[in-house]
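The values are calculated or read from the model by the stated rules, or taken from the named source; none is laboratory data. This is a predicted model, so every value here is computed, not measured. Glycine gets a Cβ as well: all are built from the backbone with ideal geometry, and neighbour counts include every protein chain shown. Remember, those area values only see protein heavy atoms, side chains included, never the ligands or the DNA or RNA. Shrake-Rupley method; radii C 1.70, N 1.55, O 1.52, S 1.80 Å.
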Amino acid sequence: MTNAPTPSIAVTKQEPGGALSFYGVWLIAAAALIVLPLIFSSGGSLTSFSLIGIAIIFALSYNILLGQTGLLSFGHAVQYGLGGFLAVHAMNAVASHNWPIPLPVIPLIGGIGGMAFALLVGWVMTKRAGTVFAMISLGIGELVASSSLILRSVFGGESGITTDRTSLMPLFGWTFGPQIQVYYLIAFWVMISAIAMYALTRTPLGRICNAVRDNPERVEFIGYDPHVVRYLAYMFAGFFAGIAGGLTAINFEIANSAYLGATQSGLVLFSAFIGGTAYFFGPILGAILVTYLQLGLTSVTSVWQLYFGIIFIGIVMFAPGGIAGILMKHRPLIRAGTLGTVIPSYLVAAIPTLALALGVILTIETVARFSGDAAINLLGIPFVATAPTTWAAAAVLVVGGFLVARITWRRVAEAWDRAATVARDRGYLA
Amino acid sequence: MTAAIQVNAVEKSFGNVQIIRDLNLSVAKGERHAIIGPNGAGKSTTFNLISGHIKPTSGEIRLNGEVTSGLRPFEINRRGLSRSFQVTNVFARMTVWENVRCAVLWATGHRYAFWKNVDTLPEVKQRTAEILDEIHLSHRRDVPAGLLTYAEQRELEIGITIAGGASVIMLDEPTAGMSHAETERAVALIRRLTEGRTLVIVEHDMSVVFGLADRISVLVYGHIIASGTPEEIRGNPKVKEAYLGEEVD
């Protein structure tokens, strides 16, 4: 008897014009970065775009470790922060000596700083992956963050070190005083860094990083030392994190110990994971969402970190592939033309899910503002935290939303199975 | 002529437990050598010792005349020895194509290069395609290795092992868990792919062992009690008593 393999259809079918669509994506991204501030030209949105750009580089650099090489770091902000400090010192030195170095070069110095630190500590850190690496990264992170408060000459203590980005020589008449010029400087580095990091995944080293992530033991038997692979990946991640730190220093004209700390390290892990570490573009989505939420939520609620925690737990439990994972799951359905059969069930499920979410928000805000803060404004309706009607509304939304959502999501799963079966029959799904 | 593999008086203990006792083994170049023995005899440990996965407590191992005991697995691999695993050991999240390609990269001299586009290296591409063709997995090239059937994963395992072009190939129970027809296919594959190379194989299936091997070594309690041609092993009373019993006749 044989159980010989029956499926003989290749999973991914070759798309026509692959190269064209490949370069097209980068061109569209570049065009979007150029056009964005022309559409949203307010000072607030320029600041947001600048921060999002920096977060994108930082999250992509983190994914060289987590998504590409399988290294879970709890201290990635160390390279980011040290890059920022080096950039600030470099700017001050350049300004005081009147060296002919323009501002756009400064992030590169930040990158070199991040890489140099990785070079220094990385060999010991990357000896093992897994828990050992995670723990050492946490330890180094705390070590550097706490030393930054003690070593005042280098890190400036609690107040940090300030600089003036306009004191460097102007480039083509740009002084980089106005935020719009800083935005374009950041956008330039976002493009350069994203292309470089994408290219890195397409090199022999990049592929062997994936192999180390999947199975470090076997890598040793195809001629590679996984320790060296991890070390190199760690240095590249440090380099791009340093660029992000340098850009932050330019953006805020200051570097302080908060850049190096566990909060910053947690935030980048959070961005990469929410976006999805299995795909290159995942951390980009995560960085955009997390930075946007961070900026938006802080003005609306005092307990924004609680919401972050809930989102994170939700993603880990229900969509471990992150946003990118959810999106890419639909790709075979789109190709097979069966996505349309799933969407109605999504729309139905969205209603009770939204009710559940509103109920949770109302509950959290009720607890947070119970001791007499401002009223809760939910979709324009004011709720008073101490009123029993508010508690009742929250309870109805949570319990009712949960019960109905369970039924509707089961429907979604059934619709999915049908659509996936068709996609499988048509050869778009393994 | 120097032997491909020469094991001299190797001992291996884990704590107080001695797994390998005074192991001596010589495999000539181009020979197909099978190691057989009852469960727990130390066959996999012997493999792990020769491939550098674990270090011997004492004794010496040579690969093509060069001492390799004490070297790391990747150092031994670079000197021309490649092995497969008893439990399938592939890169599960990467495609079949990428699995084989990774195994080709070091041998084609690309090492840790981060300035080359891996998709446009002609010799890598050609070699990977050849290997996929040889292990009959070309039609599955874009499937993640973790989604392959068991028999396909075993074939991929062999493909990764031979992809680097090593002169000494060690296969640890390559047909374990396979049906009769799959075993025949796998044996034909192994025979073809190891043509002109040295092969060391651990195998439980006696028809595979006696059909494939030029020489056989019998390992019992971490010690080789006999080494010889299939006929010699068949007629050896010590082997009969210790392991084969009536099975061989």
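Look at where the Cα atoms of the stretch A:42-66 and of the stretch B:14-75 average out, and the two centres are 52 Å apart.
Here the label points at A:Ile28 and A:Val396, each 7 Å from Cα along the C-beta direction, are separated by 4.4 nm in the simple model. Straight-line cross-link reach from B:Lys116 at under 21 Å between alpha-carbon atoms covers these lysines, not counting any fewer than eight positions away in the same chain: B:Lys125.
Taking amide H atoms as placed 1.01 Å from N in the peptide plane, the amide H of B:Ile201 lies under 5 Å from those of B:His33, B:Ala34, B:Ile35, B:Leu171, each 5 or more residues away in sequence or on another chain.
Comparing the full protein assembly with the isolated chain, the residues of the stretch B:109-140 losing at least 40 square angstrom of accessible surface (1.4 Å probe) are B:Tyr112, B:Phe114, B:Val118, B:His139, B:Arg140. Seen from every direction in turn and averaged, the convex hull around the alpha carbons of the stretch A:36-146 projects onto 9.2 nm². What stretch of chain B, leaving out the sites themselves, is the longest with no GluC sites (Glu not before Pro) in a DSSP loop having at most 11 other Cβ atoms within 10 Å? The longest such stretch corresponds to B:1-194. A Förster radius of 22 Å, combined with the Cβ-Cβ distance separating B:Leu147 from A:Ile326, puts the computed FRET efficiency at roughly 0.65. For chain B, the longest principal axis of the C-alpha atoms and the axis of helix B:122-134 are separated by about 50°.
Taking Cβ atoms as reference points and 14 Å as the exclusive limit, the residues near B:Ala28 contribute a net charge of +3, counting Lys and Arg as +1 and Asp and Glu as -1. Assuming charge only on the beta carbon of Lys and Arg (+1) and of Asp and Glu (-1), the dipole of chain B about its Cα centre is about 860 debye to the nearest 20. Summed over qualifying helices (DSSP H, 4 residues or more, each -39500 (n - 2.57)) and divided by its residue number, chain B shows a 222 nm mean residue ellipticity of -9000 deg cm²/dmol. Within chain A, which complete DSSP H helices have Cα atoms spanning at least 24 Å along the helix axis and a mean Kyte-Doolittle hydropathy of 0.5 or higher? Span-like helices in chain A: A:18-39, A:43-63, A:77-97, A:106-125, A:130-150, A:179-201, A:226-252, A:282-300, A:343-368.
Using the Cβ-Cβ distance between A:Arg152 and A:Ser371 with R0 = 35 Å, the FRET efficiency computed as 1/(1 + (r/R0)^6) comes to roughly 0.35.
Relative to the Cα centre, the charge distribution of chain A, modelled as +1 at Lys and Arg Cβ and -1 at Asp and Glu Cβ, gives a dipole magnitude of about 940 debye. Using the 1.4 Å probe convention, the accessible area of chain B works out to 41 Å² per residue with neighbouring protein chains retained. Helix-only arithmetic for chain A: the sum of -39500 (n - 2.57) across DSSP H runs with n ≥ 4, divided by the residue total, places the mean residue ellipticity at 222 nm at -23500 deg cm²/dmol.
With each label modelled as a point 7 angstrom along the Cα→C-beta vector, the B:Thr57-A:His97 pair spans 6.2 nm. A straight Cα-to-Cα reach below 21 Å connects B:Lys12 with the lysines B:Lys43, B:Lys55, residues fewer than 8 places away in its own chain not being considered. Candidates B:Pro122, B:Gly109, B:Trp97 compared by Cα position along the dipole of the stretch B:91-132: farthest toward the positive end lies B:Gly109, with charges placed on Cβ.
Give the residue from A:Thr338, A:Ala350, A:Ser371 lying farthest towards the positive end of the charge dipole for the stretch A:331-425; charges sit on Cβ (+1 for Lys and Arg, -1 for Asp and Glu) and the dipole is referred to the Cα centre. The listed residue farthest towards the positive side: A:Thr338. The stretch A:175-213 and the stretch B:116-168 have Cα centres spaced 31 Å apart.
A 1.4 Å probe run over chain A, with the rest of the protein chains in place, finds 47 Å² accessible per residue. Placing a label point 7 Å from the Cα of A:Asp164 along the Cα-to-Cβ direction, the residues of the stretch A:175-213 whose backbone N falls under 17 Å of that point are A:175-179. Here is the interface size for A with B: some 3600 Å² of accessible area buried, both sides summed, with a 1.4 Å probe. Label sites at A:Val124 and A:Leu171, each approximated as a point 7 angstrom past Cα along Cα to Cβ, lie 3.7 nm apart. With contacts taken as Cα pairs under 8 Å at a separation of at least 6 residues, the stretch A:100-216 carries a relative contact order of 23 percent.
Working from Cα positions, state the angle (0 to 90°, nearest 10) between the long axis of helix B:96-105 and the longest principal axis of chain B. The angle comes out at about 80 degrees. Within the protein assembly as shown, antiparallel bridges make up roughly 60 percent of the DSSP beta bridges whose residues both belong there. Each residue of the stretch B:209-224 was assigned a 3J(HN,Hα) from its phi angle through the Karplus expression (A = 6.51, B = -1.76, C = 1.60, θ = phi - 60°), giving 4, 6, x, 9, 7, 7, 9, 10, 10, 10, 10, 10, 6, x, 9, 7 Hz with x at Gly and Pro. When peptides A:149-160, A:40-51 are sorted by average Cβ neighbour count within 10 Å, with the highest value leading, the order is A:40-51, A:149-160. Among the chymotrypsin sites (Phe, Trp or Tyr not before Pro) within the stretch A:332-412, those in coil by DSSP and having at most 11 neighbouring Cβ atoms inside 10 Å are A:Phe370. In percent, rounded to a whole number, the relative contact order of the stretch B:1-158 is 20, using alpha-carbon pairs under 8 Å and six or more apart. Look at the alpha carbon pairs under 8 Å that are at least 6 residues apart: their mean separation over the length of chain A gives a relative contact order of 23 percent.
Of the solvent-accessible surface of the stretch A:218-350, computed with a 1.4 Å probe over protein heavy atoms with every protein chain present, carbon and sulfur atoms account for 74 percent. Work out the charge dipole of the stretch A:24-301 with +1 on the Cβ of Lys and Arg and -1 on the Cβ of Asp and Glu about the Cα centre, then indicate which of A:His76, A:Thr131, A:Gly266 is farthest towards its positive end. It is A:Thr131, whose Cα lies furthest towards the positive end. Each Lys and Arg Cβ is given +1 and each Asp and Glu Cβ -1; about its Cα centre, the stretch A:331-425 then shows a dipole of about 360 debye.
Tell me, how many Å apart are the Cα centres for the stretch A:94-128 and for the stretch A:338-352? Value for the Cα centre distance between the two parts: 49 Å.
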